[in-house]
Amino acid sequence: MLKKILIGLSIVVGIGLLIFVGYIVMIIHAFGGFDKDYSVTELKENFEAKKTEIYEIKNFVNKIMPSGKLVHIEFEDNNTMFIFHVNEDDKFENNWDVKINSAKADTLLKKLGWKLEDLKTLKEKLDKANCIGVSSGEPCKINFQRSGMGMYSFNVFDQPISDTLIEQYNDSCTYILVNRKLALEYVGGAIGRQCFYNLE
C-alpha cells in the first residue's frame, strides 16, 4: 500500500515538475530569451553590407516627413505595425499594433500627409535593408532587429557630430560610436540586460 502511495506521489510530483519547467521555458521564450544577441562587429558588418539600402530609408523618410512632425514606425509583419507613434507639435501619440489596412492607419497617415503607398514603400525599403523600423529626426534611427524586448539600431547623422556629443554617443552601454556619422545603439526592454552584451 505504501509503495503504491509513493509511486502515485512520484508521478504527481514528476508531472508538476514538468509543467513548472514548461512554464518557465514558455516565459523565457515569450521575453526573447532564445533570441539572437548581436555583437558590435556583427552590427558593423550588417551596416556595411546594407549601407546603401539604409541610407535610402533615411533619405526617403526625411523627404516625406512634414516639418514639425516626427514618426516612429516598427513593422511586425506585412500587415501590422507593432509601433506607429506620431509626434506632432511636441505632442506624442503612442499607437500599438496598428493594421496597415485600417481606419487607425488611415488617420495617422493623414496626420503625416502620407499615402498608403508611402507606407508600403517604406516597408519595402526596410526589408531590403534587413531592418524592421525607423524613427525620423536627427539622427535618423534605423531599427535593425529585436532581441527579446531589446532593440538594436543604427543612428545615422546628416553631419558629423560635434565633440560635445561624442561622449553621449560612445558610452559603451547604450551607444557605440563607429564614426562621427554613425552610432550603434542597444536599448533594453523592461526586463533583461540594458547594455550591449558583446562589445567585440
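The values are calculated or read from the model by the stated rules, or taken from the named source; none is laboratory data. Owing to the predicted nature of the structure, the values given are computational and were not obtained by experimental measurement. Note that we place each Cβ from the backbone using ideal geometry, even for glycine, and neighbour counts take in every protein chain shown. All accessible areas refer to the heavy atoms of the entire protein, side chains included, with ligands and DNA or RNA removed. Shrake-Rupley method; radii C 1.70, N 1.55, O 1.52, S 1.80 Å.
Residue count for segment 105-123 satisfying the condition of being touching a residue at least 12 places away in the same chain (Cβ under 8 Å) and either in contact with a strand residue (DSSP E or B) (Cβ under 9 Å, 6 or more places away or on another chain) or part of a loop (DSSP other than H, G, I, E, B) (or both): 9. Counted as qualifying within segment 133-200 are the strands (runs of 3 or more DSSP E) with 2 or more residues that are free of Cβ contacts under 8 Å to residues at least 40 places away in the same chain, under 16 Å from Asn46 (Cβ atoms) and among the polar types (S, T, N, Q), namely 150-156. Of the set (1) under 17 Å from the mean Cα position of the chain (by Cα); (2) at pLDDT below 95, all apply to Asn198 but (1). Just one of the numbered conditions (1) open to solvent by 80 Å² or more (accessible area, probe 1.4 Å); (2) under 18 Å from Ala183 (Cα atoms); (3) among the hydroxyl-bearing types (Ser, Thr, Tyr); (4) outside any helix (DSSP H, G or I) is not true of Tyr38: (1). Of all residues in segment 135-146, those satisfying the criterion of being on the phi < 0 side of the Ramachandran plot and not hydrophobic (A, V, I, L, M, F, W, C) are Ser135, Ser136, Glu138, Pro139, Lys141, Asn143, Gln145, Arg146.
Sub-6 Å Cβ pairs linking a first residue in segment 75-100 that is farther than 17 Å from Met65 by Cα and among the β-branched types (Val, Ile, Thr) to a second residue that is open to solvent by 100 Å² or more (accessible area, probe 1.4 Å) and part of a strand (DSSP E or B), at least 6 apart or interchain, are Thr80/Lys99, ordered by first then second residue. Among residues that are open to solvent by less than 40 Å² (accessible area, probe 1.4 Å) and over 14 Å from the mean Cα position of the chain (by Cα), Val98 is included.
If the condition is being open to solvent by 90 Å² or more (accessible area, probe 1.4 Å) and on the phi < 0 side of the Ramachandran plot, then segment 69-93 contributes Glu76, Asn78, Asn79, Lys91, Phe92. For segment 49-67, indicate whether the set of residues that are over 17 Å from the mean Cα position of the chain (by Cα), assigned to a strand (DSSP E or B) and more than 20 Å from Phe157 (Cβ to Cβ) is non-empty. The answer is no; no qualifying residue exists. Looking only at segment 147-166, which residues are buried (at least 19 other Cβ atoms within 10 Å of the Cβ), on the phi < 0 side of the Ramachandran plot and not aliphatic (A, V, I, L, M)? Residues satisfying the conditions are Ser147, Gly150, Tyr152, Ser153, Phe154, Asn155.
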